[in-house]
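The block underneath contains the structure these notes are about, expressed in structure tokens.
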Amino acid sequence: KFVSMTLRPTPTIFPEIFAWRDAPPSWPTSCPWTLGATCGSVLQNQSATCFESATLLCSLLLGNHYDAYCVSGYAVREMCLMDRSLQECPLLDTQVKGKISEEEPQEARAEETGGRGRAASQTNYRRRLSSHPLTPCEVCGCTAGCWCCQGVAASGRTSSSTPCPGTATPSEDANFLGIESVWNNLNYYVNMQDCRDGCADEQQLRVFEMPRSWVSYINIAKKDLESRWPGRQEVTRYRKAKLEKFAVYLSQDGLVTRLTRYKDLDLVMVRELYHQRDDHLVEREINEVDKFTTERFRRGRTFHLLFHRYTSNSTDTDREMEFSSDRGEDLLRRVESSDEMTESFEGRRDFLYCRHVFFKPQISREDLESHLKVREIEKIVERFRRDGAKPASEDVAERVFLLNERRIELTYHLEDHRFIPSKRSFIKPLEATDEEKAEAFRLYMVSSFQVDPSEKPLKTLTLYQMLMSLMKSEEEVVLQVRNSKKEVQEIMDCRHQEEEDLHIDLSPWTTSGVTRARSQREEMVRHTRTHTLKMFYTLFRHISA
């Protein structure tokens, strides 16, 4: 049968494969004499040659209104064998790449030189192909294969291609060395051009009508689509990186992707992506170089936590948290170290946007254990945005509570055309004891600096009332700091409990979810029956006795 008749344009009902960039890959091998496997058998066996896989992919693309073609030709060995060991993993972010590149400048220069050598050798391959015909095995580094191309423009050049790994590559890429033939369900084109300049197509008119396809209608089961890969998982090795992908619900913890980064033989970073976890965790990154762990969550979880980075599970350690705006307390971010804590706010009515807390340093291990729950506060610094309803000389920009020194310092916002802000400092009077009564307020307890000399100084009663209000605010702020430290411990306990008792949210729209839900329901029924029988047996023995 003619090769074009093996294509069967088939539309799909699954949105996951509407986009051709996420289409299933095709497996490279030598050029087969025949196409023994139909599209249906390829889906059933999940194993095929690159020609048979390209036929399936092209059929799906044609069914979804792509101008797709199967291409038989030559490419570099790394592309045909899906060898990505010399490529950077696309999931690595720019910061990680930049950091690694700074650590390995000499190696990068060596690989750059090697890259120029590979480009020159690919040019030599094309020259050898054009000078005299050779079999694929005779061409060093050149392998026969089949891939799909789509989007043939009016100029005759393909806008993009899908090679064996299932990724998008421009048709003029240097890894494509030559074309022998191109076909779809309507026509078959034989390449009569010189391949010295790589792959370039010239559009020809259709000269005959193609018979109808003899292949049966392609049927993709939802279960097979959810399985994604043979064995329901895939491993791809990149340059100093390994990318693992898993089908949904294959792992008990909801793991769907794991990226492992290496430097020489040392582990540098592990990034894991999760799906449908009841704790809303979507990503976890373990940095083995800086020794910190980063977790990211989707909205809707306990404490409205979105981001959590920490160095260990201890309370007094380097830690960073970010919260969603659904929290309602206007807290966006909390950063902790062993002796400090900084909280960032947004949209508060009192215009507070930052609170920086300094704790008493830990001296010994026993001191650390005794202050694990309640740390002594040395200083609290609060910063406020400008309140347009108040004059700048009355609008506090910074408020500092020096608890050990029993002082409160205020710095006001800058007035127009001023370079120095007004300031005011208070000394708190001593509280009453069993032996002495409370210290009375005196004017020496207040020191002020007014930028505008014409402004009248505040009266003694006004200063006294201001000090009393500040002392009350200090008590409230200290209580809020204690609650923040308590919340950190509660979040840690909650995360520990969630990891110990993890559950996956089973979607009723997936076959895997339905199967696991049915198994859990049957297990629950068996447990209930067993528990009921034990109760009746115990009751029967009690009555008999």
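The values are calculated or read from the model by the stated rules, or taken from the named source; none is laboratory data. The structure displayed is predicted, hence computed values, not measured ones. For neighbour counting, all protein chains shown are included, and Cβ atoms are generated from backbone atoms with ideal geometry for every residue, glycine included. Accessible surface areas use protein heavy atoms only, side chains included; no ligands, DNA or RNA. Shrake-Rupley method; radii C 1.70, N 1.55, O 1.52, S 1.80 Å.
Per residue, the accessible area of the range 248-312 comes to 46 Å² when a 1.4 Å probe rolls over the protein heavy atoms.
Applying 1/(1 + (r/R0)^6) with r as the Cβ-Cβ distance of Val270 and Asn483 and R0 = 30 angstrom yields a FRET efficiency of 0.30. Modelled spin-label separation between Ser47 and Glu346, with each label point placed 7 Å from Cα along the Cα-to-Cβ direction: 5.3 nm. Could you work out how far the C-alpha centroid of the range 246-268 sits from that of the range 524-545, in angstrom? The two parts, judged by their Cα centres, are 45 Å apart.
Which entries in the list Lys379/Lys456; Lys245/Lys291; Lys423/Lys472; Lys437/Lys459; Lys245/Lys486; Lys360/Lys459 go over 27 Å, if you measure between the two C-alpha atoms of each?
Flagged as over cut-off: Lys379/Lys456; Lys245/Lys486; Lys360/Lys459.
For the range 348-496, just say rounded, prolate or oblate: build the C-alpha gyration tensor, square-root its eigenvalues into a ≥ b ≥ c, call rounded for a/c under 1.5, and beyond that prolate if a/b exceeds b/c, oblate if not. Cα axes put the range 348-496 in the oblate bin. Approximating the spin labels as points 7 Å out from Cα along Cα→Cβ, the His503-to-Met5 distance works out to 5.7 nm.
Computed from the Cβ-Cβ distance with R0 of 41 Å, the FRET efficiency linking Met535 to Glu288 stands at 0.20.
How would you order 212-219, 527-534 from highest to lowest mean count of nearby Cβ atoms within 10 Å?
Descending packing order for the listed peptides: 212-219, 527-534.
Using the average count of surrounding beta-carbon atoms within 10 Å as a protection proxy, the listed peptides 479-487, 267-275 rank, highest first, as 267-275, 479-487.
Judged by the mean number of other Cβ atoms found within 10 Å, the most tightly packed of the peptides 322-328, 294-300, 353-359 leads the ranking 353-359, 294-300, 322-328.
The stretch between Ser519 and Glu398 holds 37.6 nm of extra length on full extension. This uses 0.36 nm per residue minus the Cα-Cα distance. In the context of the full protein assembly, Asp416 retains an accessible surface of approximately 130 Å², using a probe radius of 1.4 Å and ignoring ligands and nucleic acids.
For Met471 and Ile420 in one chain, what is 0.36 nm times their gap in residues minus the Cα-Cα distance, to one decimal in nm?
Length gained between Met471 and Ile420: 15.8 nm.
Atom-type composition of the exposed protein surface of the range 320-363 places 46 percent of the accessible area on carbon and sulfur (1.4 angstrom probe). Full extension of the segment from Tyr217 to Asp339, taken as 0.36 nm per residue of separation minus the current Cα-Cα distance, would add 37.1 nm.
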